[in-house]
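This report refers to the structure that appears directly beneath it.
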Amino acid sequence: MKLKGKVAIITGSASGIGRGIALAMAKEGAHIAIIDVNEEKGKATLAEVNQFTEGLLFIKDISVKENVNEIVAAVVTRFGKLDILVNNAHVSRQALFTETTQEHLDLSFGTGFYPTFHFMQAAYPELKKTKGKVINFASGAGLDGQVTQTSYAAAKEAIRAISRVAANEWGPEGINVNLISPIALTPGVEQWRDSAPQLYQEMLNKIPLRRLGDPEQDIGQVAVFLASDAANYITGQTIMVDGGSIKLR
Ligand SMILES: NC(=O)c1ccc[n+]([C@@H]2O[C@H](COP(=O)([O-])OP(=O)(O)OC[C@H]3O[C@@H](n4cnc5c(N)ncnc54)[C@H](O)[C@@H]3O)[C@@H](O)[C@H]2O)c1
């Protein structure tokens, strides 16, 4: 039980990687606040989490700042503390650079960058008390500047930038801030695969381990590690959990 008694907020945890992390952390004894806009899938994940530990479901849009503050307050009221913040949810649209619109940028920053920033600010006083852990999400699309990913890449690299700043500012207080840059088979990726099969195949061919990761076994286990005491001396890092696709130097 690597996270026994810990309390985690995980955004976008009704499905995909967020759900995988919720299950992996629940199996290690953490109480999980599931945050999502998808009520049906949220309830299903809550039922799964409740088999191992105590879950709390918020059907809330995290692009609304007031919701973020309400969620953090409600979690602390319910569980008395907050140890782990996982900023996982992110929605974006693909478009060539010259066809990228203000709406594309607003969607990507509105669902990815701003909620990450707002959750980190709202959670900071609680994380300071628990010497907590923040896990944010990066992407190879940002690191590598993949085609059609202008709005997504920009928001992801902005998330990496503020994560490094927070790691530097909050390190003396014992708060760790890291990122996972994943590749995993999730509903979001399945949608992308169906809309861009050629790009999907090209991506698969570039993964040295020749498969997409499993949300719980491959990504969830690394999130458990980063949230555990075993990672107390790691901060400000982007951890590549992508089958070897990108080697950071
Ligand atoms: N899957 C991959 O291969 C991959 C690759 C690189 C980066 N990532 C990153 O990993 C994270 C998870 O990816 P995924 O593939 O599981 O995503 P996904 O699209 O499959 O799931 C995202 C979840 O977030 C929820 N969500 C969306 N907007 C929301 C909002 N405004 N408020 C609350 N919930 C909201 C969705 O309902 C969904 O349950 C994201 O940050 C993504 O950018 C994933």
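Tell me which residues, restricted to the stretch 163-187, are touching a residue at least 24 places away in the same chain (Cβ under 8 Å) and farther than 19 Å from M240 by Cβ.
Once the filter is applied, which keeps residues that are touching a residue at least 24 places away in the same chain (Cβ under 8 Å) and farther than 19 Å from M240 by Cβ, the stretch 163-187 yields A166, N168, W170, G171, E173, G174, I175, P187.
Return a yes/no flag: does the stretch 124-143 have any residue that is surrounded by fewer than 16 Cβ atoms within 10 Å (Cβ to Cβ) and under 18 Å from the mean Cα position of the chain (by Cα).
Within the stretch 124-143 (the criterion being surrounded by fewer than 16 Cβ atoms within 10 Å (Cβ to Cβ) and under 18 Å from the mean Cα position of the chain (by Cα)), the answer is no, since none of the residues qualifies.
Could you say whether any residue in the stretch 140-150 is modelled with pLDDT of 95 or more and under 20 Å from Q221 (Cβ atoms)?
So far as the stretch 140-150 goes, yes, one or more of its residues are modelled with pLDDT of 95 or more and under 20 Å from Q221 (Cβ atoms).
If you check T45, T11, T100, which single one turns out to be touching an Asp or Glu at 6+ places or on another chain (Cβ under 9 Å), within 27 Å of Q149 (Cβ to Cβ) and β-branched (V, I, T)?
When all the criteria are applied, what remains is T11.
Limited to the stretch 1-15, what total is found for residues that are open to solvent by 10 Å² or more (accessible area, probe 1.4 Å) and within 11 Å of the ligand (Cβ to nearest atom)?
Number of matching residues: 2.
Find the residue count for the stretch 182-211, including only residues that are in a loop (DSSP other than H, G, I, E, B) and either closer than 27 Å to G29 by Cα or of a type in the set (V, I, T) (or both).
Adding up the residues that qualify gives 4.
Of all strands (runs of 3 or more DSSP E) completely enclosed by the stretch 16-109, which ones contain at least 3 residues that are without any contact (Cβ under 8 Å) to a residue 60 or more places away in the chain and more than 9 Å from the ligand (Cβ to nearest atom)?
Of the strands (runs of 3 or more DSSP E) lying wholly inside the stretch 16-109, those with at least 3 residues that are without any contact (Cβ under 8 Å) to a residue 60 or more places away in the chain and more than 9 Å from the ligand (Cβ to nearest atom) span 31-36, 55-59.
Could you list, in sequence order, the residues of the stretch 208-247 that are of a type in the set (A, V, I, L, M), out of contact with any strand residue (DSSP E or B) (no Cβ under 9 Å at 6 or more places or on another chain) and farther than 25 Å from G174 by Cβ?
Once the filter is applied, which keeps residues that are of a type in the set (A, V, I, L, M), out of contact with any strand residue (DSSP E or B) (no Cβ under 9 Å at 6 or more places or on another chain) and farther than 25 Å from G174 by Cβ, the stretch 208-247 yields only L209.
Take the stretch 184-229 and flag every residue that is farther than 21 Å from Q146 by Cβ and away from the ligand (no atom under 13 Å from the Cβ).
Correct list: Q217, Q221, V224, F225, L226, A227, S228, D229.
Tell me whether the stretch 162-169 contains one or more residues that are polar (S, T, N, Q), part of a loop (DSSP other than H, G, I, E, B), on the phi < 0 side of the Ramachandran plot and open to solvent by 30 Å² or more (accessible area, probe 1.4 Å).
no
The values are calculated or read from the model by the stated rules, or taken from the named source; none is laboratory data. Everything numeric here is computed off the predicted structure, so don't read it as measured data. Every residue, glycine as well, gets a Cβ built from its backbone with ideal geometry; the counts of neighbours run over all protein chains shown. We work out accessible area using only protein heavy atoms, side chains counted, and drop any ligands, DNA or RNA first. Shrake-Rupley method; radii C 1.70, N 1.55, O 1.52, S 1.80 Å.
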